[in-house]
1. Give region 6-42 a look and list any residue that's outside any helix (DSSP H, G or I) and either among the hydroxyl-bearing types (Ser, Thr, Tyr) or within 15 Å of the chain's Cα centre (by Cα) (or both), or say none.
2. For residue 19, only one of the following conditions fails: (1) open to solvent by 80 Å² or more (accessible area, probe 1.4 Å); (2) at pLDDT below 95. What is its number?
3. If I go through region 31-47 residue by residue, how many of them are touching a Cys at 6+ places or on another chain (Cβ under 7 Å) and free of Cβ contacts under 8 Å to residues at least 60 places away in the same chain?
4. Do we find that residue 87 is surrounded by 12 or more Cβ atoms within 10 Å (Cβ to Cβ), under 23 Å from residue 4 (Cβ atoms) and out of contact with any His (no Cβ under 7 Å at 6 or more places or on another chain) in this structure?
5. In region 43-75, what residues are under 23 Å from residue 7 (Cα atoms), crowded, with 17+ Cβ neighbours inside 10 Å and over 12 Å from the mean Cα position of the chain (by Cα)?
Amino acid sequence: LSKVKPAMFEEVEYWLFSFESLGKAGQALLQLLDAESGSIDQQMALCNTILTHLNEMESFSTLQKEKGAPDRWAKGCEVGATVVTPFVKTAFLSRFKHLYS
């Protein structure tokens, strides 16, 4: 990111942060799915990690929208909205419900 022009970075910063959070949530999800035989504490810690990163994505989207206000086109940023984010959320919720029960 050090070679990105400041004006460009300012335009896309929350998108980049959202993609990073999605990647971290996805990595934690893969660890969670791989740790099915691990301790419940380990699996719940991974659930907390996933939830933290998903919440970060929501925060970055809100910040992007606020940054663009009052422009009516400022809608926030939703990354991986078609495939990756729904997959991460669905798999996370499924695994969490299984752990919680």
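The values are calculated or read from the model by the stated rules, or taken from the named source; none is laboratory data. As the structure is a prediction and not an experimental result, all values here were calculated from the model. Neighbour counts are summed over all protein chains in view; Cβ atoms, including those assigned to glycine, are modelled from backbone coordinates with ideal geometry. Side chains included, ligands, DNA and RNA excluded: accessible areas come from the protein's heavy atoms. Shrake-Rupley method; radii C 1.70, N 1.55, O 1.52, S 1.80 Å.
1. In the first step, residues of region 6-42 are kept if they are outside any helix (DSSP H, G or I); the result is 35-39.
Within region 6-42, 37, 39 meet the criteria.
2. Of (1) open to solvent by 80 Å² or more (accessible area, probe 1.4 Å); (2) at pLDDT below 95, only one is false for residue 19: (2).
3. To start, the set of residues in region 31-47 that are touching a Cys at 6+ places or on another chain (Cβ under 7 Å) comprises 32.
Next, from what is left, pick out any that are free of Cβ contacts under 8 Å to residues at least 60 places away in the same chain: none.
Of the residues in region 31-47, 0 are touching a Cys at 6+ places or on another chain (Cβ under 7 Å) and free of Cβ contacts under 8 Å to residues at least 60 places away in the same chain.
4. Values: surrounded by 12 or more Cβ atoms within 10 Å (Cβ to Cβ): yes; under 23 Å from residue 4 (Cβ atoms): no; out of contact with any His (no Cβ under 7 Å at 6 or more places or on another chain): yes.
For residue 87, the condition - surrounded by 12 or more Cβ atoms within 10 Å (Cβ to Cβ), under 23 Å from residue 4 (Cβ atoms) and out of contact with any His (no Cβ under 7 Å at 6 or more places or on another chain) - is not met.
5. 64
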